[in-house]
1. Select from region 324-346 the residues that are part of a helix (DSSP H, G or I) and closer than 16 Å to V273 by Cβ and list them in ascending order.
2. Out of the residues in region 93-126 that are out of contact with any strand residue (DSSP E or B) (no Cβ under 6 Å at 6 or more places or on another chain) and among the hydroxyl-bearing types (S, T, Y), state the one that is farthest from E53 (Cα to Cα).
3. If you check Y447 against the conditions, is it aromatic (F, W, Y) and not in a loop (DSSP other than H, G, I, E, B)?
4. If I filter region 490-503 for residues that are outside any helix (DSSP H, G or I), under 14 Å from the mean Cα position of the chain (by Cα) and surrounded by fewer than 21 Cβ atoms within 10 Å (Cβ to Cβ), do I get at least one hit?
5. Residue by residue through region 286-307, note down the ones that are surrounded by fewer than 19 Cβ atoms within 10 Å (Cβ to Cβ) and within 19 Å of S485 (Cβ to Cβ).
6. Identify all residues within region 1-15 that are among the aliphatic types (A, V, I, L, M) and either in a helix (DSSP H, G or I) or surrounded by 16 or more Cβ atoms within 10 Å (Cβ to Cβ) (or both); write none if there are none.
7. Looking only at residues that are small (G, A, S) and within 21 Å of A461 (Cα to Cα) in region 336-361, which one is surrounded by the most Cβ atoms within 10 Å (Cβ to Cβ)?
Amino acid sequence: MDARRVKQKVSAGFKMRGLILRPESSRFLLRVLESVTEADLEEVLERILDAVEKQPLGSSMVELSVLEAAVQDCSQSCDETIDNVFNIIGAFDVPRFIFSTERKKFVPISMTNHPVPKLCGQSRDKAELFRERYTILQQRTHRHELFTPPVIGSAPDEGRNKFQLKTVEALLGSTAKVGEVIVLGMITQLKEFHSGLYTESCFVLAEGWYEDSVFHINAFGFPPTEPSSFTRAYYGNINFFGGPSSTAVKASAKLKQLEEENEDAMFVIVSDVWLDRVEVLEKIQTMFSGYSAMPPTCFIFCGNFSSAPYGRHQLRTLKESFKALADLICEYPSIHKSSRFVFVPGPEDPGPGTVLPRPPLAEHITEEFRQRVPFSVFTTNPCRVQYCSQEMVVIREDLVNKMCRNCVRLPSSNLDIPSHFVKTILSQGHLTPLPLYVCPVHWPYDYALRVYPVPDVIVFADKYDPFNVCNTDCLCINPGSFSRSGFSFKVYYPSNRTVEDSKLQGL
């Protein structure tokens, strides 16, 4: 096709979207489109334009770097390598995106005036923590079908089922009575309840009327959840999750195919692995013996790794315990060569206090183990695991008990606490929607505890009774305490997204 006609089509296409190409960007795109036939040109150009609009644009002028990223997004399915099949992402390696209210997009922190996160935050970081939690829930709620305005020309009845989300500032600026108001905000005291575990620092949608500087609430509930597919349809293939891939692995047809074809892949998830107990090591040996014929893809071992509280002798004991575990693994060559081992520290393991995210166990404790078991990763708490096109978040914290203890009022259906708990976490879009004095976090790294977009799997390694709950296309798993609950654990099969309850008691 004539280069001049291609240039005209490119220029016209970008102008229709309100965009202007820089000269170097135009030359790059023309080189990319040289091999495209005339019949496919319009389709390819539309895909590139869509990808450009999903990039964090600073202005209507399209820079070369933005265009290169957009073209890479379009061709990502052809460029995947085996390196992207399995990755562990520590909490301190999670990319940080800030929601821009002006652009209605998430932009990398490098494109904002926010400083690079440091472990010891400042007062600004504490304020930003709650502001960002609120902004994420607000933009998600605005997209829900109950809060989107009716389409022009739609039936009159459709508008009656819609609601308008107001801000507190809008109410403060009103002098007259305002009826049928819904506000999103963080609450401290409650009386009427929907399903969920309502604690201080949770964000809720409150419905009522505003009069004489008082907001009278009739009802409230949690912000609606949003499936990952909806979020990605709106924001494109931004890699919120982290890892080596420049775009979200969800967009990869090749990784999805690998995931479905590998039906034997499985993740063994164990929590409270007390390595200083002889009976625990014996059960782990039984587990390895059973899996030696068909080694799992990964063993995820969560702390605490010692039954005794942290003391001056624990470091030496812990090193000896990991040496004993390495001896066990080496007894089964098939597992030693094929399986990966991921270790997530518990709240009572050696480390700098109980503030989340927690760094990995110290290298001098794990050095000998890592030399003998090369496919082992000692990571942060929480951490993220990417397998093919699936995203998994793992956190070791006794959250269920903390949430129940700090509830203003427990739900009437006490027998279904796991469902209430999962709904609360996904509605809040955060792993620890608790007051900071109950569950402290490093202020600048609060974003690493987000569960937005919703991952495929969340592992809540908790001493509460084991459970499996599916909500918003997210499978939430608690393996329970291996050492306390009769040596129970969970096995997850990624190919069909099923969980198997397992127990070694009596074996």
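The values are calculated or read from the model by the stated rules, or taken from the named source; none is laboratory data. Worth saying up front: this structure is predicted, and the values here are computed from it rather than measured. All Cβ positions, even for glycine, are placed from backbone atoms using ideal geometry, and neighbour counts span all protein chains on display.
1. Selection gives A324, L325, A326, D327, L328, I329, I335.
2. S123
3. So Y447 fits the description; yes.
4. no
5. Within region 286-307, T286, G290, S307 meet the criteria.
6. Residues satisfying the conditions are A3, V6, V10, A12.
7. The selected residue is G346.
Every residue, every condition in (1) buried (at least 17 other Cβ atoms within 10 Å of the Cβ); (2) over 18 Å from G429 (Cβ atoms); (3) modelled with pLDDT of 85 or more, yes or no:
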residue	(1), (2), (3)
D79	no, yes, no
V85	yes, yes, yes
S123	no, yes, yes
A127	no, yes, yes
F130	no, no, yes
